[in-house]
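The values are calculated or read from the model by the stated rules, or taken from the named source; none is laboratory data. A quick note: this is a predicted structure, and the numbers were derived from the prediction, not measured. Cβ placement follows ideal geometry from the backbone for every residue including glycine, while neighbour counts extend to all protein chains displayed.
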Amino acid sequence: MKRPAFCIALLLLASPSVALGTEDDPSEPHDAEPQRTERAGNPTEPTALLDRILKQMDMAYKGLQSYRAEFDQESETKAFKRKRLSSGRLFFLKPGEMRWSYLEPEEREVYLSGEQIRIYIPSRNQVLEQTLNDAMPGMAPARLFMGVEELGESFLISLADTDAEDEKAHCLRLTPKRKGTISVEEILLWVGKKDFLPLRTESRDVLGNRTTLLFRNAEVNVPLKEDLFRFEIPPDAEILGNPF
């Protein structure tokens, strides 16, 4: 049975091709052991370490009831040699409620409830509606906080070769199993060595565009009201469909 989508939505926003503050105009196209996960890369890599990391990630997710953090996002468009910086707050409530509040440079609210995604841009009074399935593969990174079993259904997972050993984090490489017209080539995921929760993601799409998310001041299992995740579409708002 599939698990709720916490990691899913983190990877969703890590995608260079998702219009959640990374593009100028989203209306324009552009308890058991975790299931053994398929792995990419050298077959001689230390699978014991990878197995341990995945098991600890799975245990961390099972113990997570709520999550609150601040984030910084950098999106780089290769063709135009342009970078866009964004920042805001992230909220998660189990089993599958998420809200991303972009504060800079433009206010945007991103709501994910189960399989439904809604993106609200107050300054334009626009709402983008789609389902998580519709968002794939253009939003392939939507599969991060789902738990190890669900993560392994969408990605090949391997230990990433980094230039220097990080004392605070493990780095994993996620390679999508299925690719489409708009596809993420790979995602690097850094998880803390103590709590095994995400610290940073970096993704690259087929066009060479990159998006980096950095999480800070994270708090787990804090009281969050359900109303925080409820969104009612303004009666005069423009509704935009699936851009992919």
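Restricting attention to segment 75-99 and to residues that are closer than 30 Å to Glu226 by Cβ and aromatic (Phe, Trp, Tyr), the residue that is surrounded by the fewest Cβ atoms within 10 Å (Cβ to Cβ) turns out to be Phe91.
Report the residue count in segment 104-133 for those that are loosely packed, with under 13 Cβ neighbours inside 10 Å and at pLDDT 85 or above. Summing the residues that are loosely packed, with under 13 Cβ neighbours inside 10 Å and at pLDDT 85 or above in segment 104-133 gives 5.
Taking segment 52-73 as the range and being of a type outside the set (A, V, I, L, M, F, W, C) and either buried (at least 17 other Cβ atoms within 10 Å of the Cβ) or in contact with a Phe, Trp or Tyr (Cβ under 8 Å, 6 or more places away or on another chain) (or both) as the test, the residues that pass are Gln56, Asp58, Tyr61, Ser66, Tyr67, Arg68, Glu70, Gln73. Residues of segment 151-176 that are of a type outside the set (A, V, I, L, M), at pLDDT 80 or above and surrounded by 13 or more Cβ atoms within 10 Å (Cβ to Cβ): Phe155, Ser158, His170, Cys171, Arg173, Thr175, Pro176.
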